[in-house]
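What follows is a set of notes on a single structure, which appears directly below.
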Amino acid sequence: MTCDLIVLGAGPAGANAALAASEAGLKVVLFDQQPEAGGQVWRAPSPGLAVPPSPEAESGGALRARLAASAVDRRFGRTVWSVGGRFRVDAVGPAGNETVEAPRLIAATGAHERVVPFPGWTLPGVIGLAAATVLLKSHRASPGRRVVVAGCGPLLAVVAAGILKEGGTVAAIADLSGPQDWLGALPALSTQPRLLARGAGWALKIGAARVPVLFRHGVRAAEGEEALARVRLAPVDAAGAFAAGAERVLEVDGLCVGHGLVPGAEVTRLFRVEQGFDRRRGGFVPRLDEDGRTSLHGLYACGDGAGLRGAMVAEAAGRLAGLAAAHDAGALDASAFQSAAATPRAALARAHAFSDAMADMMALRPAQVAAIPPDTVICRCEDVTRAEIEAAHGDGARDMNQLKHFTRCGMGPCQGRFCGDVAAELLAAKVGSREAVGTFTARPPLRPVALADLLGAFDYSDIPIPAPAPL
Ligand SMILES: Cc1cc2nc3c(=O)[nH]c(=O)nc-3n(C[C@H](O)[C@H](O)[C@H](O)COP(=O)(O)OP(=O)(O)OC[C@H]3O[C@@H](n4cnc5c(N)ncnc54)[C@H](O)[C@@H]3O)c2cc1C
């Protein structure tokens, strides 16, 4: 099947890109592995699950209604495992593999979670902060009965308030940031009063439940025999390194921990577009023009996958990329494009201060990585420890692909999405810079898919047997 534009990802960025391009007259196919549009922030609840009203549920519902009323060809429940050519997308869904081709492709694949490892982080009962939002939003399930919420950034408050709402107890919030960091961010956060008020609402709920908030504290270790039983929290300094002070030990059955997000830029990386390392944006991101065009003609990127800037920016940048694709395809002339682009461009300009302040709160703290004990597992798919990564450097590994060859780090089912950023930071500390160590080369499958789904129904007798080679 062919169309004018393929959009990959139906979060705030991709869904708005698809809508803008479709409204301008393009034939658009929109893929997402989720059963519904909304992405991470406006994730739809599981079918039949009633959710209480919230601004996120309202925004998600409105987006899904706009898509349902549009001409966008929505292919949800499809895992895109391969992109190539100029441009061909392969996705596995309920009817097996399907292929769509188009002269233009927008990558809006969002972000992945970052957890800086600590002893015990792979125990059952320890879950990512962002993953906990999925559990809370999709299933209304608390990640434990008594839970520590730890890490940095706004998801701390989102998750703690969500656990309280679902009847769980939050034993403590351990925030790597200090009150002075939040106060310093206040002027930037006040540029978005609606979001600031939402944050204040969560803070009030947390305060009313008398949850202890430990500023400038990090997780020293998670402990337990078969599953998590206790969490050790210790003070940290402004850089994220452990500092002098009393340790606190809390008996819990859940730990939600996260240290920001990493852009999911595998699609643009697969096409080897120009990219650069930007710590504030979460790592390596594609270089874009102001409308979302990459260095490869016909390929666009927007949303958190193009650099972390949050949902508000994702919405506007998505719309802009969709309009740019429509303009480049000849569906919008220059003046129609400029006038349609004015609103999302203004929204992007307004969102800058807020999104930068949030991104700074969630940025990786190199001192925290430096404090990881040597025998701590970094790549949990392949059981590779910090000591093994550093030994690989001693044996000659100088970039991420060499590290992969030496240790198998990044070769498991997550393909380095979870461990890659921290492994790169560890190697960069030895080699000199993140630019020098680069990234793992992106390769299909972009997401794990079952071979049986790709092959479909077949009979062994249909497989042609080549004639034996002459001796
Ligand atoms: C797990 C998680 C939870 C988060 N929770 C929150 C939250 O509660 N509040 C908040 O403000 N921010 C949250 N964020 C940050 C949030 O993702 C962004 O601010 C915002 O949603 C970015 O929008 P986006 O459209 O760029 O990406 P997303 O909303 O992440 O949308 C990307 C979409 O691409 C799809 N996709 C990616 N790869 C493939 C593939 N190969 N095949 C098919 N589909 C694919 C995904 O299923 C997803 O729906 C969360 C991030 C993560 C990673």
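The values are calculated or read from the model by the stated rules, or taken from the named source; none is laboratory data. This one's a predicted model, so the numbers in the text were calculated from it and none came from an experiment. Using ideal geometry, Cβ is built from the backbone for each residue, glycine included, and neighbour counts are taken over all protein chains shown. The area values use the complete protein model at the heavy-atom level, side chains included, leaving out ligands, DNA and RNA. Shrake-Rupley method; radii C 1.70, N 1.55, O 1.52, S 1.80 Å.
Would you point out the residue of region 239-270, among those that are β-branched (Val, Ile, Thr) and within 16 Å of the ligand (Cβ to nearest atom), that is farthest from TRP121 (Cα to Cα)?
Selected residue: THR268.
Which condition from (1) more than 10 Å from the ligand (Cβ to nearest atom); (2) modelled with pLDDT of 95 or more is the one that GLY48 breaks?
Every listed condition holds for GLY48 apart from (2).
Only one of PRO117, PRO103 is assigned to a loop (DSSP other than H, G, I, E, B), modelled with pLDDT of 95 or more and either open to solvent by 20 Å² or more (accessible area, probe 1.4 Å) or charged (D, E, K, R) (or both); which?
Unique residue meeting the criteria: PRO103.
Tell me, which helices (runs of 4 or more DSSP H) lie completely within region 369-466 with 2 or more residues that are in contact with a helix residue (DSSP H, G or I) (Cβ under 9 Å, 6 or more places away or on another chain)?
386-395, 400-407, 420-431, 434-437
For region 106-114, indicate whether the set of residues that are more than 12 Å from the ligand (Cβ to nearest atom) and either in a strand (DSSP E or B) or open to solvent by less than 30 Å² (accessible area, probe 1.4 Å) (or both) is non-empty.
No: zero hits.
Somewhere in region 446-462, is a residue closer than 20 Å to GLN275 by Cα and surrounded by 15 or more Cβ atoms within 10 Å (Cβ to Cβ)?
Looking through region 446-462, at least one residue is closer than 20 Å to GLN275 by Cα and surrounded by 15 or more Cβ atoms within 10 Å (Cβ to Cβ).
Within region 444-468, how many residues turn out to be modelled with pLDDT under 90 and not hydrophobic (A, V, I, L, M, F, W, C)?
The number of residues fulfilling the criteria is 9.
Which residue, of SER355, SER335, SER339, is buried (at least 19 other Cβ atoms within 10 Å of the Cβ) and assigned to a helix (DSSP H, G or I)?
Checking each option against the conditions leaves just SER355.
For LEU320, which of the numbered conditions (1) within 16 Å of the ligand (Cβ to nearest atom); (2) modelled with pLDDT of 95 or more; (3) out of contact with any helix residue (DSSP H, G or I) (no Cβ under 6 Å at 6 or more places or on another chain) fails to hold?
Answer for LEU320: the failing condition is (3).
So, in region 52-89, of the ones that are within 13 Å of the ligand (Cβ to nearest atom) and either aliphatic (A, V, I, L, M) or free of Cβ contacts under 8 Å to residues at least 12 places away in the same chain (or both), which residue ends up surrounded by the fewest Cβ atoms within 10 Å (Cβ to Cβ)?
SER54
When you scan region 120-138, how many residues do you find that are touching a Leu at 6+ places or on another chain (Cβ under 7 Å) and in a helix (DSSP H, G or I)?
Number of matching residues: 3.
Identify, please: which residue in region 163-185 is in contact with a Gly (Cβ under 9 Å, 6 or more places away or on another chain), open to solvent by less than 60 Å² (accessible area, probe 1.4 Å) and of a type outside the set (A, V, I, L, M) and is, among those, farthest from VAL219 (Cα to Cα)?
Per the stated criteria, the residue is GLY168.
Could you check region 50-78 and list, in sequence order, the residues that are in a strand (DSSP E or B), under 14 Å from GLY11 (Cβ atoms) and not basic (Lys, Arg)?
PHE76
Which residue is nearest to the chain's Cα centre (by Cα), if the candidates are limited to region 321-332 and must be part of a helix (DSSP H, G or I) and crowded, with 21+ Cβ neighbours inside 10 Å?
ALA321
Considering each residue of region 136-153, count those that are surrounded by fewer than 19 Cβ atoms within 10 Å (Cβ to Cβ) and modelled with pLDDT of 95 or more, and give that number.
2
Can you pull out the residues in region 247-280 that are closer than 21 Å to ASN16 by Cα and assigned to a helix (DSSP H, G or I)?
GLU266, VAL267, THR268
Considering each residue of region 285-317, count those that are within 16 Å of the ligand (Cβ to nearest atom) and either surrounded by fewer than 18 Cβ atoms within 10 Å (Cβ to Cβ) or aromatic (Phe, Trp, Tyr) (or both), and give that number.
1
Any residue in region 154-162 that is β-branched (Val, Ile, Thr), part of a strand (DSSP E or B) and either crowded, with 16+ Cβ neighbours inside 10 Å or within 16 Å of the ligand (Cβ to nearest atom) (or both)?
No, region 154-162 has no match at all.
Within region 123-153, how many residues are at negative phi and within 11 Å of the ligand (Cβ to nearest atom)?
12
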